[in-house]
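The next block holds one structure in the form of structure tokens; read it before the comments.
Bear in mind that the values in this text are calculations on the coordinates, not laboratory data. What you see is a predicted model, and the numbers here were worked out from it, not measured in a lab. A quick note on method: Cβ atoms are made from the backbone with ideal geometry, for glycine too, and the neighbour counts reach across all protein chains shown.
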Amino acid sequence: MVNLNVNIGGLNLKNPVMTASGTFGYGIEYSDFIDLNRLGAYIVKGTTLNPREGNPYPRMAETPSGMLNAVGLQNKGVDFFISHIYPVISAYDSELIVNVSGASIDDYVTVAEKLMPLERINAIEVNISCPNVKQGGMAFGTTTDGAAQVTKAMRQAWDKSLIVKLSPNVTSIVDIAKAVEAEGADSVSLINTLLGMAIDVERQRPCLSTVTGGLSGPAVRPVAVRMIWQVAHAVSIPVIGLGGIMDGRDAIEFMLAGARAVQLGTANFIDPAVTMKVIDYMTDYCERHGVKDINEIIGMI
Amino acid sequence: MKKILDFRIVENRHFNENYSLLVITPADYSTLPRMRPGQFVQVAIPGCGITLRRPISICDVDVEENRLSLLVRKAGKGTTHLISMEKDEIINIVLPLGNGFSIDGIDSDRRIFLIGGGVGAAPLLYLSKALRKKGITPTTLIGARTPADLLMIDEFSRYSDVRTSVESQDAPDHCGLVTQHPILSESFDMIYCCGPAPMMKAVAGIAKERGIECEVSLENMMACGLGACLCCVEKTVRGNVCVCTEGPVFNINQLTW
């Protein structure tokens, strides 16, 4: 029997497979296709202090081997999450992680304080990397000072496991990772989407209402693998890898590069049952390679 | 319950170079899930360089034969590949998705008017069949650019009283836009409409003006089809909602048109 159990900064996961924020709704949307209890963890979509309507349509454009999105953190706010969503999803036996976003540090902290009493939420993922909002989001994640400030404030507000989600839209993601590690982050997840743009040449207009948006899907995978490899060698906290993972092979690639867990995002749109296949693949892969514990392959490269 | 199923192509009926009717059946011989008129499916189209599934409305369901029909118009890489596929090839589909037209409990004496534009008329075939089962013979008006874009008129005629409206001069019936067809001056209790957005907006305007209840089926671009990605939103009186789960069918009173 292969051990798939991994520990992410105090967070114990039955396997390394998580779902990326904003691609999996509240999980319930996928319950017809998969057993949510089998997931290592699932990350509910970006939650803010106040409800957000998000950006105007069109918010999506398919691009070569990927897609651009500009959803803009549409969500009903943290109070709605606590009163309406949490009671439903807390019945599942997977770790539940809330992705938290804010326009100001106070916003981030208030959301964390509201989530703190929820027994089943053992970790939050701090989103300092959303490219689709005017204030906050990526603004905090593209400087070492901004990333450090948010992390410091969240560390004081949140006693449980603290994941900071990093933006690839920076000169040195290693410097940002080191800055959040220094301020007490328990782990980092990377990469969020790459800032991109597409134009409808017939209509001579941008494809997205916001002009630019976040690129995801297999197109970004080699960039993600490179950044995970760099960060994993530079920090001592665990790295959670994401960015264009489409199947089990890709997930193993991220773990060899240094990821202790992986998140599947865009792949859920194409195959709603992909997470289950990735978990099965991990066991098969380890058996094929004579590996008894998946932790043995993490960061082999 | 939604499913991910492989389907075998039983027939690919080419109408012309731009349109095909794919008749498909579950490859594992399982029974088709129950589907409502107006719902849609998400089709994976491998081998043509696209990443996401393509949403396609359910044109018809044959429960006895356990078959589903999808009317496909050649638009981009995915649909071009799809209409070129051959009998016995396999396609993977997520279904059934969306809400569908509201026809439960509809009175059989209601005068129902279906208005379709181009390939958008597809879901109205299954709708007219369902209405016929309830003892209602709807009037169906189908608009198209040219006579070659008028499809499946014989099939529609089985379940409804069909009129057509074609924009080009060689129109077999009425020449012009659907909104200019004389049938519109008759009285109806309910309109179900599916087609290009400008057409649906014009129909919605007429329905509002005359106080006729009206449902339209939207086709906003989407990624997941499951209400997770929040890409396909439409602005409604309740704020932005997902077309894939709260629609694709909306009562026009819910929209901000």
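What's the extension gain from B:ALA171 to B:THR256 if we count 0.36 nm per residue and subtract their Cα-Cα distance? Write down the numbers at each step before the final one.
Details: separation 85, 0.36 × 85 = 30.60 nm, distance 3.38 nm.
Going from the current span to full extension adds 27.2 nm.
Of all aspartates and glutamates in the structure, the ones whose alpha carbon falls short of 17 Å from that of B:LYS3, not counting any fewer than 8 places away in one chain, are A:GLU29, A:ASP32, A:ASP35, A:ASP271, B:ASP28. In terms of its C-alpha gyration tensor, region A:135-272 has an oblate overall shape, because the principal axis ratio a/c (a ≥ b ≥ c, square roots of the eigenvalues) is not below 1.5 and a/b does not outweigh b/c. If R0 equals 51 Å, the separation of the Cβ atoms of A:ILE28 and B:GLN180 corresponds to a calculated FRET efficiency of about 0.65.
Taking other Cβ within 10 Å of each residue's Cβ, how do A:THR143, A:THR110 sort, fewest first?
A:THR143, A:THR110
I want to verify a result. In a Gaussian network model of chain A, Cα cutoff 10 Å, which of these has the top mean-square fluctuation: A:PRO238, A:PRO272, A:PRO56? Maximum fluctuation in the GNM of chain A, among the listed residues, is at A:PRO56. If I build a Gaussian network model for chain B, linking alpha-carbon pairs within less than 10 angstrom, which residue out of B:GLY98, B:GLY239, B:GLY225 has the largest mean-square fluctuation? In this elastic network of chain B, the residue with the biggest mean-square fluctuation among B:GLY98, B:GLY239, B:GLY225 is B:GLY239.
Rounded to the nearest Hz, the phi-derived 3J(HN,Hα) couplings of region A:155-166 under the Karplus curve 6.51 cos²θ - 1.76 cosθ + 1.60 (θ = phi - 60°) are 4, 6, 8, 10, 7, 8, 5, 10, 9, 10, 8, 9, where x marks glycine and proline.
What is the helix-to-structure angle for B:197-210, meaning the angle in degrees between its Cα long axis and the longest Cα principal axis of chain B, kept from 0 to 90 and rounded to the nearest 10? Here the helix axis deviates by roughly 30 degrees. Shape summary: chain A maps onto an equivalent ellipsoid whose semi-axes, from the alpha-carbon gyration tensor, are 26, 23, 20 Å in decreasing order. For chain B, the Kirkwood hydrodynamic radius from C-alpha pairs, put into Stokes-Einstein at 37 °C and a viscosity of 0.692 mPa s, yields a diffusion coefficient of 177 µm² per second. From helices alone, chain A scores -8500 deg cm²/dmol at 222 nm; the rule is -39500 (n - 2.57) for each run of n ≥ 4 DSSP H residues, then divide by the residue total.
Given the pairs A:LYS76/B:LYS2; A:LYS114/A:LYS277; B:LYS129/B:LYS201; A:LYS76/A:LYS114; A:LYS114/A:LYS160; A:LYS152/A:LYS178, which span a C-alpha to C-alpha distance of over 23 angstrom in this model? Walk me through the numbers before you get to the answer.
Numbers: A:LYS76/B:LYS2 25 Å; A:LYS114/A:LYS277 35 Å; B:LYS129/B:LYS201 25 Å; A:LYS76/A:LYS114 15 Å; A:LYS114/A:LYS160 13 Å; A:LYS152/A:LYS178 13 Å.
Among A:LYS76/B:LYS2; A:LYS114/A:LYS277; B:LYS129/B:LYS201; A:LYS76/A:LYS114; A:LYS114/A:LYS160; A:LYS152/A:LYS178, the Cα-Cα distance tops 23 Å for A:LYS76/B:LYS2; A:LYS114/A:LYS277; B:LYS129/B:LYS201.
Stokes-Einstein diffusion for region A:135-207 at 4 °C, viscosity 1.567 mPa s, with a Kirkwood radius from C-alpha pairs, works out to 97 µm²/s.
Viscosity 0.890 mPa s, temperature 25 °C: give me the Stokes-Einstein translational D for region B:3-97 in µm²/s, with Rh taken as the Kirkwood radius over C-alpha pairs. Intermediate values should be presented prior to the final figure.
On the way: Rh = 13.2 Å.
It comes out at roughly 186 µm²/s.
For chain B, what is the mean residue ellipticity at 222 nm derived from helices alone (per DSSP H run of n ≥ 4: -39500 (n - 2.57); sum divided by total residues; nearest 500 deg cm²/dmol)?
One gets -5000 deg cm²/dmol as the mean residue ellipticity at 222 nm.
Two decimals, Cα atoms only, Kirkwood Rh: what is Rg/Rh over region B:192-257? If you can, show how the numbers build up before the last one.
Values: Rg = 11.8 Å, Rh = 12.0 Å.
With Rg and the Kirkwood Rh in hand, the quotient comes to 0.98.
For A:THR63, the residues 5 or more places off, or on other chains, whose built amide H falls under 5 Å of its own are A:LEU68.
Shape summary of region A:211-301, radius of gyration then Dmax from alpha carbon positions: 13.3, 49 Å.
What value in Å³ per residue do you get for the convex hull of the alpha-carbon atoms in region B:101-217?
Details: hull volume 10.3 nm³, N = 117.
Convex hull volume per residue, Cα atoms: 88 Å³.
The charge dipole of region B:66-202, taken about its Cα centre with unit charges on the Cβ of Lys, Arg, Asp and Glu (plus for the first two, minus for the last two), comes to roughly 260 debye. Taking amide H positions as modeled 1.01 Å from N, with prolines and chain starts lacking one, no residue 5 or more places away or on another chain lies under 5 Å from B:ILE136. Taken as Cα centroids, region B:91-105 and region A:110-184 sit 40 Å apart, rounded to the nearest whole angstrom. Each residue of region B:146-159 was assigned a 3J(HN,Hα) from its phi angle through the Karplus expression (A = 6.51, B = -1.76, C = 1.60, θ = phi - 60°), giving 9, x, 5, 8, 8, 10, 6, 4, 4, 5, 4, 5, 5, 10 Hz with x at Gly and Pro. Highest GNM mean-square fluctuation among B:VAL94, B:VAL61, B:VAL237, for chain B modelled with Cα contacts below 10 Å: B:VAL237. What percentages make up the Cα-Cα pair-distance distribution of the protein assembly as shown when the bins are 20 Å wide from 0? In order of increasing distance, the bins hold 21, 50, 25, 4 percent.
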